[in-house]
1. At 0.36 nm per residue, and after removing the present C-alpha to C-alpha distance, how many nm does the segment from Ser179 to Arg291 gain when stretched out fully?
2. Once ligands and nucleic acids are excluded and a 1.4 Å probe is used, how much of Tyr293 is accessible, expressed in Å² to the nearest 10?
3. Students sometimes get this wrong: rank Thr147, Thr47, Thr174 by accessible area, probe 1.4 Å, all chains present, largest first.
4. Taking every alpha carbon pair in the stretch 138-230, what does the distance histogram look like in 10 angstrom bins from 0, in percent?
5. Counting residues in the stretch 59-109 as N, plug N into 2.2 N^0.38 Å and put the Cα Rg over that result.
6. Using heavy-atom solvent-accessible surface (probe 1.4 Å) with all chains present, what is the largest-first order of Lys199, Lys89, Lys112?
7. Work out how much length Met167 to Lys135 would gain on full extension: take 0.36 nm times their residue separation and subtract the Cα-Cα distance, in nm to one decimal.
8. What are the extents of the Cα atoms of the stretch 181-239 along their three principal axes, listed from largest to smallest and rounded to whole Å?
Amino acid sequence: MNNTAASPMSTATSSSGRSTGKSVSFAAELQSMMFSLGDSRRPLHETAVLVEDVVHTQLINLLQQAAEVSQLRGARVISAEDLLFLIRKDKKKLRRLLKYMFFRDYKSKIVKGIDEDDLLEDKLSGSNNANKRQKIAQDFLNSIDQTGELLAMFEDDEIDEVKQERMERAERQTRIMDSAQYAEFCESRQLSFSKKASKFRDWLDCSSLEIKPNVVAMEILAYLAYETVAQLVDLALLVRQDMVTKAGDPFSHAISATFIQYHSSAESTAACGVEAHSDAIQPCHIREAVRRYGHKIGPLSPFTSAYRRNGMAFLAC
C-alpha cells in the first residue's frame, strides 16, 4: 500500500493511533485475558496498558489499509474481503482465520437451534444458506486464487501448533489451581473483544471513519485483536525465559545482553520499573517482544515476521 495516497481514515491519530483521548479502555479486560493466556493471576496494570496500546496501534494500521483496499475496489464499507486480502500471504494465519469464520457460522447455527444432523447434512450437500462467513471467504479466495492453494485451506485439517502450545500451557497452568482460582481462570478464558462489540467500536473510533467496517469485518477485527494479545503474551513469555540466567550455560548472559542489553536481573528489574518478586509479565518483556518481532537480529532471533507491510510487522495478520 502507498502511504502517500489520500487516506480514507478521516482524522489524524496520536502516536498510539487514538483520536479519542483514551476515553475508552480495555485495560481491565486485558488483564483477565493475559491471565488466561499464561500471565500471572494478577497481571500488571502498566503491562496491560502497554499491550492495549500495541493492539490498538496495530488495528488502526490494519483498518487504514483495509479502508484503502475497499476504496480501490469502489466499495462503501470495509468488508471481510478487504481483511482477507491483506492477510492472504500469511498462510498459517489465514488458515486460522478461516477456521474462526467456520466456527462463527457453526455457533450461529447452534444459537438458531439447528441440530447436529442438519449441520452434517448441510456440509455434505454443500449448502451455504447458514454458512454466510464461509461463503464470503470461499467466494473471495476463489476469485483471487490462481494456484488452488488458498481454496485448499478449507479442507486442511493440519494441527495448529501455536494453538496446541497455548492449550498445553493452559493445562499446566491449571494443575496448581484451587477451585476459586480455576473458576476465575475459566471466566477469564471466555473474555473477548467481540463480546463487547459496542465498546470495541468506540475503542477503534469507527464513527469517525469515512469508510466504516461492516458487521463481519468487525467480528474479524475483534478476533485479530484477541490474537494479537495472545501473540504478545506468547512472545513475552519467551523473552522472560531468555532473561533468566541459566546455570551452566556460558552463553546465557551474552544472549540476554545481545537481545535486551540487561546484564543482571537487578538491572532488568529496574528497567521494568517493578518489584523483583513479581512473576507477572513486565512492560520491558512486551517492548522486547515487539522489537524482536519487528526486526531481524541475525541467527540469534527466535522469532521474526516474514510478513511486513509499510515497514510494520503485524502480530496477528
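The values are calculated or read from the model by the stated rules, or taken from the named source; none is laboratory data. In this text the structure is predicted, and so the values were computed from the model without any measurement. Glycine gets a Cβ as well: all are built from the backbone with ideal geometry, and neighbour counts include every protein chain shown. Surface accessibility is based on the protein's heavy atoms, side chains included, excluding ligands, DNA and RNA. Shrake-Rupley method; radii C 1.70, N 1.55, O 1.52, S 1.80 Å.
1. Values: separation 112, 0.36 × 112 = 40.32 nm, distance 3.80 nm.
Computed gain between Ser179 and Arg291 is 36.5 nm.
2. Spelled out: Tyr293, probe radius 1.4 Å, area about 20 Å².
3. Values: Thr147 110, Thr47 0, Thr174 35 Å².
So the residues, ranked largest to smallest area, are Thr147, Thr174, Thr47.
4. 12, 27, 31, 23, 6, 0
5. On the way: Rg = 12.3 Å, N = 51, 2.2 N^0.38 = 9.8 Å.
Normalised Cα radius of gyration, the stretch 59-109: 1.25.
6. Working: Lys199 60, Lys89 130, Lys112 165 Å².
Highest to lowest solvent-accessible surface, that is Lys112, Lys89, Lys199.
7. Values: separation 32, 0.36 × 32 = 11.52 nm, distance 2.91 nm.
Result: 8.6 nm gained on full extension.
8. The principal-axis extents, from largest down, are 42, 28, 17 Å.
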